[in-house]
Amino acid sequence: MQKARKPIDIKISTVVAISAILHETDPAALDQALRDMTGGVSDFFEDEFAVIDIGALDTAGAGIDWAALVTLFKRYRLNAVAVRNAPEELHAEIAAQGLSIDGGAPRPQQQEAETAVAAEEAPKPAAAPAAAAAAAPVQAAPVAPAASFAPAAATMIIDTPVRAGQRIYARGADLVIMAAVNNGAEIIADGSIHVYAPLRGRALAGASGNTGARIFAASLEAELVSIAGVYRTFENGHPPELAQKQVQVRLTGDRIDVLPINTSK
């Protein structure tokens, strides 16, 4: 007797989305910026999911025409699915457009405040008893500071070639690939990317905003590289002095630099 098939299965799935950080709310200005960014290429974004980040807006998102924004994104083949860093008073109008609320990462100021609070709440060392202090030598040897060890970063290792149309995402981890990444493939990591073979296709490191992430490749032949959402394409070819050579890709301010792997700069 054949087992009845369930109408639906729910499984954990990884979805990668572009982060669209708004600095303007004017639809015309956003349209022009996207037109300049894509250079008129109709499939530049290839129906990617997009998370709209309004944390950089001084107005905290006030006055945004969400329906117009979603429509504008669709025109450029970006599918808006969520809004990040939205104040609570905007949640209802965002949800009315079918968008989810994404809390996003803590702001730097918030992280500093949390660190300060943690330091203030840390227990202070107990004072030595008076008798022990009296018995101590006049000149005590300096005490070496306790060593602090950061936990090792997680790493995903891929031993096989990454084929065209294949997407690999190392969530919360570095990505190490021991074989070639082919044209039409996409590799993504929240940390750094290491490819010990020719790197073609698209490579996106620091996908969750880690500006210190890097991309290392034994041979640079990529279509696109990105660090923390800042990207660089190679329609006009790779730098001749670095093409098909060992390189590192890193973010300097708002600029993607491609450098020799052993550079001291």
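The values are calculated or read from the model by the stated rules, or taken from the named source; none is laboratory data. This one's a predicted model, so the numbers in the text were calculated from it and none came from an experiment. Methodologically, a virtual Cβ is constructed for each residue, glycine included, from the backbone with ideal geometry; neighbour enumeration extends over all protein chains shown.
A compact table of results
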{"read-out": "Any hit, the range 148-155, residues being under 20 Å from the mean Cα position of the chain (by Cα), of a type in the set (A, V, I, L, M) and modelled with pLDDT of 90 or more", "value": "no"}
{"read-out": "Residues located in the range 210-249, provided they are of a type in the set (S, T, N, Q), closer than 13 Å to Arg200 by Cβ and buried (at least 17 other Cβ atoms within 10 Å of the Cβ)", "value": "Ser219"}
{"read-out": "Condition met for Ser208 (in contact with a Gly (Cβ under 9 Å, 6 or more places away or on another chain), at pLDDT below 90 and farther than 22 Å from Asn182 by Cα)", "value": "yes"}
{"read-out": "Positions within the range 73-90 being at pLDDT below 90, assigned to a helix (DSSP H, G or I) and surrounded by 13 or more Cβ atoms within 10 Å (Cβ to Cβ), in sequence order", "value": "Leu90"}
{"read-out": "Check on Ala62, at pLDDT 75 or above and either small (Gly, Ala, Ser) or within 19 Å of the chain's Cα centre (by Cα) (or both)", "value": "no"}
{"read-out": "Condition met for Ala179 (farther than 23 Å from Asp254 by Cα, of a type in the set (Gly, Ala, Ser) and assigned to a loop (DSSP other than H, G, I, E, B))", "value": "yes"}
{"read-out": "Residues of the range 34-83 that turn out to be in contact with a Ser or Thr (Cβ under 8 Å, 6 or more places away or on another chain) and under 22 Å from Glu186 (Cα atoms), as a count", "value": "7"}
{"read-out": "In the range 35-56, residue surrounded by the most Cβ atoms within 10 Å (Cβ to Cβ) [restricted to those that are over 13 Å from Val83 (Cα atoms) and within 20 Å of the chain's Cα centre (by Cα)]", "value": "Phe45"}
{"read-out": "Condition check for Val249: part of a strand (DSSP E or B), touching a residue at least 40 places away in the same chain (Cβ under 8 Å) and over 19 Å from Asp159 (Cα atoms)", "value": "yes"}
{"read-out": "Search result, residues across the range 182-201 that are within 21 Å of the chain's Cα centre (by Cα) and either under 19 Å from Pro260 (Cα atoms) or modelled with pLDDT of 95 or more (or both)", "value": "Ser192, Ile193, His194, Val195, Leu199, Arg200"}
